[in-house]
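K.L.:
Pasting a structure here, questions to come.
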Number of protein chains: 2
Amino acid sequence: MKIVQCVPNFSEGCDTAKIEAVIAPLKNQPGFKLIGCEPDKNYNRTVVTLLGDGDAMIEPLLEFVGKAVQLINLNYHKGEHPRMGAVDVIPFVPIKNITMKECVALAQKLGEKIAKQYHFPVFLYEEAARSLDRQNLADIRKGEFEGMKEKIKSKEWYPDYGTPEIHPTAGAVAVGAREPLIAYNINLGTDDIDIAKAIAKAIRHSNGGFRYIKAGAAKIADRNIVQVTMNITDYRKTAIYRVFEAVKTEAKRYGINVLGSEVVGMMPLAAALDSLAYYLGLTDFDGKKILESYLLEK
Amino acid sequence: MKIVQCVPNFSEGCDTAKIEAVIAPLKNQPGFKLIGCEPDKNYNRTVVTLLGDGDAMIEPLLEFVGKAVQLINLNYHKGEHPRMGAVDVIPFVPIKNITMKECVALAQKLGEKIAKQYHFPVFLYEEAARSLDRQNLADIRKGEFEGMKEKIKSKEWYPDYGTPEIHPTAGAVAVGAREPLIAYNINLGTDDIDIAKAIAKAIRHSNGGFRYIKAGAAKIADRNIVQVTMNITDYRKTAIYRVFEAVKTEAKRYGINVLGSEVVGMMPLAAALDSLAYYLGLTDFDGKKILESYLLEK
């Protein structure tokens, strides 16, 4: 059986009734499961995780996008996370018995339908991108909802599906295919956003840090702290513990503590065990040591 | 489907050909899987892990015991781990859709057959024990192979199956049922066995330490170090990281380092994630965050 993970992010993280209404079409559907729904108030954004048959996800995802377009108005949206759309991003991730090419086809299929049905322009990104300058989601999203109004009119940013006009309330959406990543945030014992920015800069690839880290800074207003927010794009090569320890090391420069960390969405078992092995000094430790791995094989 | 884990330990950890011959009857059998075989040279002992249908395990286990009785002579056996039999202990552990009572029944069924077929006396232990003084394996095994010759003749230690005489070369075996435990060893950067003994004493329940820790000391001759060897009998209440950190703290008294640790056999996913959550300061972190947990449900 082919198994795809799909991780749509939409731009509402506070209003529980709205969140429930948006995700309703993804619940109790045949062929796949809604395994995660994680609203974040500070980001004003919700991360959804689906797992199962990709084809079975298309129509429910389309309904989900329709609900978000109907209920979310980006003109009034504020949050700590960059965003350009009511649904902001929809990546398909190959998990089991499925190729990246097949995930790209899913992104294309869904993207075309979204643009047609809702006049909600779609950019294909990462592995689904049709040009090099659209591989990086951050490049597409630069300027966010507010800037996209003009940006999308330039030849360079003509959408992959739809017309070169944002949806007046929903903006634009990026649909794509990518390798698994770990969304990982580290909380700092300070409210000084400049410290989080400086640490993000120290550890991210684009400024000389770890090869597979994308990082930024965010305020966690309700806790009066800041966090370094990251994507670990290849956890096999840039291990979680290494990033966590590096952030602790940097934090010392500013005389502040690292309070803890969080994983948004799912993480692969191998990533968890690799970091545990580091802390406990375990050798030859992997999924073969975990009882549940064998139940899985049945 | 009912899933049992069975973890037989036998008294050969060096001779690869012998080990292979002993475990051969457990390979490629219908209804269960041989998921682990871990010989330890210093212990001169091998830990086997089976997973699947308990009833399907009985006849292959009987053959396995026969091979061990035939090939292993305890009169010439030396190793760091206490032992009284060629096969030393065979615990059944309930994993899924099965009760402890059913595991006790498996232990009884196998025990009776072993005694009858091989004149190899059997003690029922832990949850399968028929009296309080046989619950603790260490009490049964006290005196080991050498002492059992006389011990078994006393009324108090009449075996549960078989006659009150050890098998002349294979000794006696404990067959039982128990809750899942984690066999966990921590290596110390010293060859001083007294330090390992002192640390084992500090952390184990019987001397005032953690409620669910049984601990002893062992020499790891081939690395010229010593280790604290443990059973964590309830990992939900005595967490692995807590024990590891406590041993590090004790080691400081002696000016030595903790080199690392090892898990023998399997550990439950929840135990691994709980310790990872400690080190990374993760909140609300459990199997729901692990992608494979959902593949498991299918």
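K.L.:
Taking the stated definitions as given, is residue B:153 assigned to a loop (DSSP other than H, G, I, E, B) and charged (D, E, K, R)?
P.N.:
Considered against the rule, which asks whether it is assigned to a loop (DSSP other than H, G, I, E, B) and charged (D, E, K, R), residue B:153 comes out as yes.
K.L.:
Against the condition touching a Gly at 6+ places or on another chain (Cβ under 7 Å), within 20 Å of residue A:23 (Cα to Cα) and buried (at least 16 other Cβ atoms within 10 Å of the Cβ), how does residue A:69 come out, does it pass?
P.N.:
No.
Table: residues versus (1) in contact (Cβ under 8 Å) with a residue 24 or more places away in the chain; (2) closer than 18 Å to residue A:183 by Cβ.
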residue	(1), (2)
A:6	yes, yes
A:9	yes, yes
A:14	yes, no
A:20	no, no
A:26	yes, no
A:29	yes, no
A:34	no, yes
A:37	no, yes
A:43	yes, yes
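K.L.:
Could I ask something else about it? Restricting attention to the range B:183-192, report how many residues are among the aliphatic types (A, V, I, L, M) and facing chain A (nearest Cβ under 10 Å). So that I can check it myself, show each step before the final result.
P.N.:
At the first step, the residues of the range B:183-192 found to be among the aliphatic types (A, V, I, L, M) are B:183, B:186, B:188.
Among the residues that remain, those that are also facing chain A (nearest Cβ under 10 Å) are: B:186.
Of the residues in the range B:183-192, 1 are among the aliphatic types (A, V, I, L, M) and facing chain A (nearest Cβ under 10 Å).
K.L.:
Looking at (1) more than 30 Å from residue B:183 (Cα to Cα); (2) under 21 Å from the mean Cα position of the chain (by Cα); (3) not basic (Lys, Arg), which is the one condition that is false for residue A:241?
P.N.:
Looking at each condition in turn, residue A:241 falls short on (1).
K.L.:
Among the numbered conditions (1) modelled with pLDDT of 95 or more; (2) surrounded by 18 or more Cβ atoms within 10 Å (Cβ to Cβ); (3) in contact with a Lys or Arg (Cβ under 7 Å, 6 or more places away or on another chain), tell me where residue A:48 comes up short.
P.N.:
(3) is the only condition that residue A:48 fails.
K.L.:
Take the range B:230-242 and flag every residue that is hydroxyl-bearing (Ser, Thr, Tyr) and away from chain A (no Cβ under 13 Å).
P.N.:
Within the range B:230-242, the subset hydroxyl-bearing (Ser, Thr, Tyr) is B:233, B:235, B:238, B:241.
Passing the criteria: B:233, B:238.
K.L.:
Within the range A:243-253, can one find any residue that is within 7 Å of another protein chain (Cβ to nearest Cβ) and out of contact with any helix residue (DSSP H, G or I) (no Cβ under 8 Å at 6 or more places or on another chain)?
P.N.:
No: the range A:243-253 contains no residue that is within 7 Å of another protein chain (Cβ to nearest Cβ) and out of contact with any helix residue (DSSP H, G or I) (no Cβ under 8 Å at 6 or more places or on another chain).
Results for (1) buried (at least 17 other Cβ atoms within 10 Å of the Cβ); (2) in contact (Cβ under 8 Å) with a residue 60 or more places away in the chain; (3) assigned by TED's automatic domain parsing to the domain that holds residue B:85, shown as yes or no for each residue.
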| residue | (1), (2), (3) |
| --- | --- |
| B:125 | yes, no, yes |
| B:141 | yes, no, yes |
| B:150 | no, no, yes |
| B:157 | yes, no, yes |
| B:171 | yes, yes, yes |
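K.L.:
Sticking with this one: Residues being without any contact (Cβ under 8 Å) to a residue 24 or more places away in the chain, of a type in the set (Phe, Trp, Tyr) and in a helix (DSSP H, G or I): count how many of those fall in the range A:277-298.
P.N.:
Residues in the range A:277-298 being without any contact (Cβ under 8 Å) to a residue 24 or more places away in the chain, of a type in the set (Phe, Trp, Tyr) and in a helix (DSSP H, G or I): 1 in total.
K.L.:
Out of A:267, A:230, report the one residue that is under 30 Å from residue B:269 (Cα atoms) and touching a residue at least 60 places away in the same chain (Cβ under 8 Å).
P.N.:
A:267
K.L.:
If you take the residues of the range B:275-294 that are small (Gly, Ala, Ser) and within 7 Å of chain A (Cβ to nearest Cβ), which of them is surrounded by the most Cβ atoms within 10 Å (Cβ to Cβ)? Steps first, answer last, please.
P.N.:
Restricting attention to the range B:275-294, the residues satisfying the condition of being small (Gly, Ala, Ser) are B:275, B:277, B:281, B:287, B:293.
Imposing the further condition that a residue be within 7 Å of chain A (Cβ to nearest Cβ) reduces the set to B:275, B:281.
Numbers: B:275: 22, B:281: 17.
Selected residue: B:275.
K.L.:
Please go through the range B:264-274 and pick out each residue that is surrounded by fewer than 22 Cβ atoms within 10 Å (Cβ to Cβ) and at the interface with another protein chain (Cβ under 7 Å from one of its Cβ atoms).
P.N.:
B:268
K.L.:
State whether the residues of the range B:74-86 include one that is at pLDDT 95 or above, surrounded by fewer than 16 Cβ atoms within 10 Å (Cβ to Cβ) and under 22 Å from residue B:123 (Cβ atoms).
P.N.:
Within the range B:74-86 (the criterion being at pLDDT 95 or above, surrounded by fewer than 16 Cβ atoms within 10 Å (Cβ to Cβ) and under 22 Å from residue B:123 (Cβ atoms)), the answer is yes, since at least one residue qualifies.
K.L.:
Pick from the range A:88-111 the residues that are surrounded by fewer than 21 Cβ atoms within 10 Å (Cβ to Cβ) and among the charged types (D, E, K, R): which of them is nearest to residue A:174 (Cα to Cα)?
P.N.:
The extreme case among them is A:109.
K.L.:
Where in the range B:1-83 are the strands (runs of 3 or more DSSP E), entirely inside, with at least 1 residues that are more than 14 Å from chain A (Cβ to nearest Cβ) and either among the aromatic types (Phe, Trp, Tyr) or on the phi > 0 side of the Ramachandran plot (or both)? Break it down into steps so the answer makes sense when it comes.
P.N.:
Working: elements: B:3-6, B:32-40, B:45-52.
Output list is empty.
K.L.:
Evaluate the following for residue A:202: is it buried (at least 17 other Cβ atoms within 10 Å of the Cβ) and out of contact with any helix residue (DSSP H, G or I) (no Cβ under 6 Å at 6 or more places or on another chain)?
P.N.:
So residue A:202 does not fit the description; no.
K.L.:
On to the next question. (1) of a type outside the set (Gly, Ala, Ser); (2) surrounded by fewer than 18 Cβ atoms within 10 Å (Cβ to Cβ); (3) in contact with a Pro (Cβ under 6 Å, 6 or more places away or on another chain): which one isn't true of residue B:192, the others all being true?
P.N.:
Checking residue B:192 against (1) of a type outside the set (Gly, Ala, Ser); (2) surrounded by fewer than 18 Cβ atoms within 10 Å (Cβ to Cβ); (3) in contact with a Pro (Cβ under 6 Å, 6 or more places away or on another chain), the one that fails is (3).
K.L.:
Could you look through the range B:205-227, keep only residues that are small (Gly, Ala, Ser) and farther than 18 Å from residue B:257 by Cβ, and pick out the one that is surrounded by the fewest Cβ atoms within 10 Å (Cβ to Cβ)?
P.N.:
B:208
The values are calculated or read from the model by the stated rules, or taken from the named source; none is laboratory data. What you see is a predicted model, and the numbers here were worked out from it, not measured in a lab. Neighbour counts run over all protein chains shown; Cβ positions are idealised from the backbone, glycine included.
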